[in-house]
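These notes are about the structure you will find just below.
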Amino acid sequence: MSARDNILARIRSQSGKAGLTTNADLEAVRAHISSRERGPVPTFAMHDPVQHFIEECARLSTTIVEVGDISAVPLEVARYIDRASLQQRCVGWEEFAALDWQGTGIQYDSRPATGDDLIGITGCFCAIGETGTLLLLGAPNTPKSTALLPETHICIVRKSRMVPTMEDAFQLMCDEIGEPPRATFFVSGPSRTADIEQTIVIGAHGPYRVHVILIS
Amino acid sequence: MQVQSMHFKQTASSKLNDAVLQTALKKSKGKFVDGRALGVAQIDNWEDIRTFAASMRDRVIDNLDAYLLEFERNAIRRGAEVHWAETAEEANSIVLGIAQRNGVKTITKSKSMVTEEIALNDALIGAGIRVMETDLGEYILQLAEEPPSHIVAPAVHKSKEQVAELFMKAHHKPRLTDIPAMTREAREQLRSHFLGADMGISGANFVIAETGTTLTVTNEGNADLVTTLPRIHCVVTGIEKVIPTLEDFATLIRLLPRSAIGQSIANYLTLTTGVKAHGESDGPEQMHIVLVDAGRTKLVGSDMKDMLRCIRCGACMNHCPVYQNIGGHAYGWVYPGPMGSVLTPTYVGIENAGDLPNAATFCGECQVVCPVKIPLPDLMRKWRERQFDMQLRPFSERAAIAMWGYFVKRPALYSFATRIAARVAALMGGREKLIHSLPGIDGWTQGRDMPAPEGKTFREMYAARLAAQKVKT
């Protein structure tokens, strides 16, 4: 008997069930799973998700700016870099490489981030109003490390991709992609720790700054 | 981790006199307790969410074999290898085997209580592999060579001065005491380890049956790097961590960070399903999931099965008046506070942890704050009953309980005896009405005075009040 068989057998006998797990047991579990039952959701989460997203970002120390159109993004990034006195060099996802970066003097490298990159620019699959959360789905042209390794993460979010709750985000993911990709990554503000004397410090192993550019 | 729970009493009294620890505990208590209260107050239907979560966890525990098999099927379908370990030793040898087969020399690790349980680091380091803990708290403790004292905030017992000493020695840099600067220094120290490690080891807050996903909940971003950068990712987790669906995770994440520290959500939730796809620049080539029993099946179907619902938020210890005064190390194993007082005797034997279920005032706060409604006081009481039945408590205690039982079963005698005791105690209190020392239980009066009773028993006073009311009417 393998460890697997022993563990499963112990679970069965402890639960007062005879023999091995039956097909009926597995079918019952699958039936419950496919019912995709949702738990209760707080009332506030059902209100205007965009408004809530903006409020939650403030609480999480995520800065946010609204622009009318995707073409305004490079100028907005340049302004942010200027205000925060950062270097004018970014690494980012392929989908934004065609924007007019040169006109703003920013060097935009369309490639995954390495440990030395200081600013990472990503989009997101969708954003969640309830908690001010960005959902990033990893794929060859949307690497997760770009949101994680640099000290500054700039995320471009389309208002049309704002959903009220995490359940809605999962629903959208299942509708559009089917299954969760390898890296399904929820980001809510810059990294932080309180491990020394319970004092909150922004900037642990992930970014120090998360800046959202919201496109109406 | 080596079990020290049999030394609970001695350790607890030394912890009461540890000035650094007492300052740390006072400081953290407010943050945890007030933080949670604020976080929970944001949600109008907290109770409904708790009820839903508790019954969802029960559904899994009652059908654990089928949920594990469904998880395994989906994890394998997505490219992970699933391993099963009956004991701590088995789990360690599985992980070590994976490392050795793949020529792993360096490992980065994110915080995992299961790996503390099984002492995985000792096994790996003993085999010559370099293991770096990357959660800031765990990193501090690795430098200090100490076990964690809290399941969410492992280094909560350390002062920044103590951390400053450790960093100065380990980093060979000038001593810093500014907490943000210390945090930056640790980030810089660990960065190269993140980038260079051959293998990443994480725990899993939950694993999802529907999709074969394992997931971590962190604020620092360390688990996210550990599970993304190395070529091999190994997850070590308990068999009870399985949940049915992605939607169920959405429910639990409303409860977990709020119960832990009042956060509406943790900064990073990393869901990992299978291995790197063709063309991806990040992600592991191999993913291994080690499902650990190490005592958990003993709880399945037992009168303590409610404990398997636990989502490891730490609220029970944060709100426990005993934990608040002695900290986590006194409990002598991985899990402190009320949840530890139930789990430790199960996992390491009641004969090694007999004081733990007794280290409770039964104020009931742990049950009130538990996000999945675990009746912790009832479960501790069950351990007390078992200890009594197994004759594991000291003779003096059993004799005292037997004597009390004798009196309480004879109401007239009980009434007479308590009348005398109340009068004697009132005399002992003197003019201050405080008893400074009680014969037989002087340990209790060492740190506090006992307020003396008024000289009459409750029943006497109640009878007198009834009589007075009758006269009035």
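Please identify the GluC sites (Glu not before Pro) of the stretch B:70-151 that satisfy two criteria: DSSP loop assignment and at most 14 other Cβ atoms within 10 Å. Which are they?
Details: sites: B:Glu70, B:Glu72, B:Glu81, B:Glu86, B:Glu89, B:Glu90, B:Glu116, B:Glu117, B:Glu133, B:Glu138, B:Glu145; in loops: B:Glu86, B:Glu145.
Those that pass, being in a loop and sparsely packed, are B:Glu145.
Note on B:Arg231 and B:Lys472: their simple-model spin labels are 8.6 nm apart, each label 7 Å out from Cα toward Cβ.
Using a Förster radius of 35 Å, what is the FRET efficiency between B:Asp58 and B:Asp449 based on their Cβ-Cβ separation? Nearest 0.05, please.
Working: r = 45 Å, r/R0 = 1.29.
That pair, B:Asp58 with B:Asp449, gives E of 0.20.
Counting Cβ atoms of other protein chains within 10 Å of each Cβ in A:140-150 and taking the mean gives 5.
B:Arg73 to B:His172: extension gain in nm, 0.36 nm per residue of separation minus the Cα-Cα distance? Walk me through the intermediate numbers first.
Working: separation 99, 0.36 × 99 = 35.64 nm, distance 4.87 nm.
Difference between extended and current length: 30.8 nm.
In vacuo Debye scattering of the stretch B:34-80, one point per C-alpha: log10 I(q)/I(0) at q = 0.17, 0.24, 0.28 Å⁻¹? The Debye formula, applied to the Cα set alone, gives -0.68, -0.82, -0.95.
In loop segments of the stretch B:258-341 as defined by DSSP, there are no trypsin sites (Lys or Arg not before Pro) with at most 14 further C-beta atoms inside 10 Å of their C-beta. Computed from the C-beta positions of A:Arg79 and A:Glu55 and an R0 of 22 Å, the FRET efficiency is 0.45 to the nearest 0.05.
Under the rule of -39500 (n - 2.57) per DSSP H run of 4 or more residues, summed and divided by the residues of chain B, what mean residue ellipticity at 222 nm is obtained, to the nearest 500 deg cm²/dmol? Walk me through the numbers before you get to the answer.
Numbers: 21 runs with 242 residues, N = 473.
About -15500 deg cm²/dmol.
Less than 5 angstrom separates the built amide H of B:Cys320 from none of the residues sequence-distant by 5 or more or on a different chain.
Per-residue mean of foreign Cβ neighbours for A:163-175 is 3 (Cβ atoms of other chains, 10 Å radius). Amide hydrogen proximity for B:Thr213: with H placed 1.01 Å from N in the peptide plane, the residues at 5 or more positions away or on another chain lying under 5 Å are B:Ile208.
Per residue, the average separation of C-alpha pairs within less than 8 Å and at least 6 apart gives chain B a relative contact order of 20 percent. Using a Gaussian network model on chain A with a 10 Å cutoff between Cα atoms, which of A:Leu86, A:Leu149, A:Leu135 fluctuates the most? Sorting by GNM fluctuation, first place goes to A:Leu86. Computed over the stretch B:124-263, the percent of Cα pairs more than 22 Å apart is 47.
When the charge dipole of the protein assembly as shown is built from unit charges on Cβ atoms (+1 for Lys and Arg, -1 for Asp and Glu) and taken about the Cα centre, the candidate among B:Ala399, A:Thr131, A:Ser85 whose Cα reaches farthest toward its positive end is B:Ala399. Selection among B:Gln42, B:Ala127, B:Phe416 by position relative to the dipole of the protein assembly as shown gives B:Phe416 as farthest towards the positive end (Cβ unit charges, Cα centre).
Computed about its Cα centre, the charge dipole of chain B is approximately 2020 debye, with only Lys, Arg, Asp and Glu carrying charge at their Cβ. By the Cβ rule of 4.7 Å, chain B holds the following cysteines without a possible disulfide partner: B:Cys234, B:Cys310, B:Cys313, B:Cys320, B:Cys363, B:Cys370. Figure legend: label point modelled 7 angstrom from the Cα of A:Val67 along Cα→Cβ; residues of the stretch A:140-155 with amide N under 13 Å from it are A:154-155.
Considering only beta bridges that DSSP places wholly inside chain A, some 30 percent are antiparallel. Dipole orientation for the protein assembly as shown: of the candidates B:Tyr268, B:Gln142, A:Val73, B:Gln142 has the Cα lying most toward the positive pole (charges on Cβ; Lys, Arg +1; Asp, Glu -1).
Dipole magnitude for the stretch B:47-124: about 540 debye, using +1 per Lys or Arg Cβ and -1 per Asp or Glu Cβ, origin at the Cα centre.
Using the Cα gyration tensor of the stretch B:1-130, with a ≥ b ≥ c the square roots of its eigenvalues, what is the shape: rounded (a/c below 1.5), prolate (a/b larger than b/c) or oblate (neither)?
Since a/c reaches 1.5 but b/c is at least a/b, the shape of the stretch B:1-130 is classed as oblate.
I'd like the mean, over residues of B:137-145, of how many other protein chain beta carbons sit within 10 Å of each residue's own Cβ.
Working: counts 4, 1, 1, 2, 1, 0, 0, 0, 0.
Shielding by partners across B:137-145 averages 1.
Restricting to Cα atoms and excluding each atom paired with itself, what does the Kirkwood estimate give for the stretch A:1-116 in Å?
Values: mean 1/r = 0.0491 Å⁻¹.
The Cα-based Kirkwood calculation yields 20.4 Å.
Note on the stretch B:407-448: with charges restricted to the Cβ of Lys and Arg (+1) and Asp and Glu (-1), its dipole about the Cα centre is near 220 debye.
Once the convex hull of all Cα atoms in chain B is built, its volume per residue stands at 188 Å³. Here the Karplus relation 6.51 cos²θ - 1.76 cosθ + 1.60, evaluated at θ = phi - 60°, turns the backbone of the stretch B:168-183 into coupling constants of 4, 5, 7, 8, 6, 10, x, 5, 10, 10, 7, 4, x, 5, 5, 5 Hz, with x for every Gly and Pro. Converting phi to 3J(HN,Hα) with the Karplus coefficients 6.51, -1.76 and 1.60 and the offset θ = phi - 60°, the stretch B:34-47 yields 5, x, 4, 4, 5, x, 5, 5, 5, 9, 7, 10, 3, 5 Hz in sequence order, with x at every glycine or proline.
Of the trypsin sites (Lys or Arg not before Pro) in the stretch B:161-233, which ones lie in a loop per DSSP and count no more than 14 other C-beta atoms within 10 Å?
Working: sites: B:Lys169, B:Arg175, B:Arg184, B:Arg187, B:Arg191, B:Arg231; in loops: B:Arg175, B:Arg231.
Here the sparse-neighbourhood loop sites are B:Arg175.
Only the coordinates and a few stated rules stand behind these numbers; no lab work does. Quick caveat, the model's predicted, so the values are computed rather than measured. FYI the Cβ positions are ideal-geometry reconstructions off the backbone, even for glycines, and counts take in every protein chain you see.
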